[in-house]
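What follows draws every value from the coordinates through simple rules; no lab data is involved. Here the structure is a predicted model, which is why all the values come from computation and not from measurement. Don't worry about glycine lacking a Cβ; one is built from the backbone with ideal geometry, like all the others, and counts go over all protein chains shown.
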Amino acid sequence: MENLSKKTAVAAGITFVIYLILFLFVDRAVDLWVHTNWAHTRVFQAGTYISYLAQGSYVKLGLALGFILIIAVDPGLQKKWARNLLYICTAGACAIIIGDGLKYLLGRYRPLMLFDHNLYGLHFFSSKWALNSTPSGHTVRAFSLLTALSLVQRRGTVLFLSLAALIGVSRVLVTDHYPSDVLFGAFIGIFTALWTYKYFFVKDNGGKKVIIK
């Protein structure tokens, strides 16, 4: 968690550059190809099933139940599991708020609008949520929660982050998002989880950062 501000700034810069390259040169070609070749195939169906793992309604219900469980069983956070659960739920909730805010602000057309109306790009401050593409909400939810889970259960890091990446890829397979939307969502999810972890578990002890177990 050292130099998290610097790491966030560097990662944000790299993400922006890659996002811009994808936006200008890659996204349309990828989604048009997937739409032409894989629509209504088993690949599309598999992507749909994988996407359900980070479905917004299910995730939000899970977060609500997590908060309720903590309040009902251990509101003082005396037990480790309660503090870990509060951290995971808080990371997920914060990431969702950030992602939804950016989705409204940027208002990028979804691939469907490219296929049906040849519309591509940004139309800022759009409240038509079903038509807003960036960042990918599924990817934001997946990476925030699974990154948070990996930080409290380090042995499962590879499994958790691989699952998050698979969910992100599934959003392109079903042509609900462009590759750059997934990249942006992953960045938001990962760094929201990291900053929330720092708030919950990293304390300054006389100038030395200490991880609270």
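Annotations for the structure displayed:
- Going through (1) over 12 Å from the mean Cα position of the chain (by Cα); (2) part of a helix (DSSP H, G or I); (3) polar (S, T, N, Q) one by one, T175 falls short only on (2).
- Region 47-159 holds helices (runs of 4 or more DSSP H) entirely within its bounds, and those carrying 3 or more residues that are among the polar types (S, T, N, Q) and closer than 19 Å to F191 by Cβ map to 137-152.
- Among the candidates L151, L119, L159, L146, the residue that is surrounded by fewer than 21 Cβ atoms within 10 Å (Cβ to Cβ), in contact with a helix residue (DSSP H, G or I) (Cβ under 7 Å, 6 or more places away or on another chain) and either more than 23 Å from L20 (Cα to Cα) or not charged (D, E, K, R) (or both) is uniquely L119.
- Test: A164 is within 30 Å of N37 (Cα to Cα) and not hydroxyl-bearing (S, T, Y): yes
- Considering residues of region 68-103 that are within 22 Å of the chain's Cα centre (by Cα) and exposed (fewer than 15 other Cβ atoms within 10 Å of the Cβ) only, the residue nearest to Y199 (Cα to Cα): I97
- Qualifying position, being among the aliphatic types (A, V, I, L, M) and either surrounded by 18 or more Cβ atoms within 10 Å (Cβ to Cβ) or touching a His at 6+ places or on another chain (Cβ under 7 Å) (or both), among V59, V43: V59
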